[in-house]
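The values are calculated or read from the model by the stated rules, or taken from the named source; none is laboratory data. Since this is a predicted model, take the numbers as computed values, not measurements. Neighbour counts run over all protein chains shown; Cβ positions are idealised from the backbone, glycine included. In case anyone asks, the SASA skips ligands and DNA or RNA and just uses the protein heavy atoms, side chains included. Shrake-Rupley method; radii C 1.70, N 1.55, O 1.52, S 1.80 Å.
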Amino acid sequence: MKRTPSDRERRRSIADAATLPRPAVVLYACIQQSQDAEPVMEELRKFAAARDWDVAAELCERRPIATPLDGRPYWAYAEELIRSRRAQGIVTQLRAMCGYYTEDRDRVNDLMAEHQVFILPTVLTATGAVPATAASVAR
């Protein structure tokens, strides 16, 4: 069987992709003290597993979502994992969990751009607003 140049290029691309390391991600949530963390974290685990991503850390803050990032100890660890290149992304349920206020969102966006990593919410809202509860949107 004779292969065309485009066939050879396609096969080379597939082989190259197979040799790339799997990205590592931080699973990050910021939930109310009374909320059950397991369903939220399980959703994040499944999301990462479906994409064949390795999990560098699972971090769940027990604080109101409006808590500034400087008031969240686990967020500091997530930043450390990004800065040290031990994680190439953050998976969270809602984007607001990684910066509720504009200045915090800008800080996170700068971090992501500086280190060329991604932040990916599993729940999207049409307006970008934070839903009443993440669980109600996820269902």
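Using a 1.4 Å probe, how large is the accessible area of Ile90, given in Å² and rounded to the nearest 10?
Counting only protein heavy atoms, the figure is 0 Å².
Summing +1 for each Lys or Arg and -1 for each Asp or Glu, what net charge is found among the other residues whose Cβ lies under 12 Å from the Cβ of Pro23?
Numbers: positive: Arg22, Arg51, Arg85, Arg86; negative: Asp52, Asp54.
Residues near Pro23 contribute +2 overall.
Which value in nm describes the separation of the simple spin-label points at Asp70 and Arg3, placed 7 Å from the Cα toward the beta carbon?
5.7 nm
Calculate the FRET efficiency for Ala15 and Asp36 from the Cβ-Cβ distance with a Förster distance of 41 Å, rounded to the nearest 0.05.
Computed FRET efficiency for Ala15 and Asp36: 0.40.
Below 8 Å between Cα atoms, with a sequence gap of 6+, how large is the relative contact order for the range 1-66 in percent?
In percent, rounded to a whole number, it is 42.
For Lys2, Lys46, write out the residues from largest to smallest accessible area, computed with a 1.4 angstrom probe and no ligands counted.
Of Lys2, Lys46, the descending order of accessible area is Lys2, Lys46.
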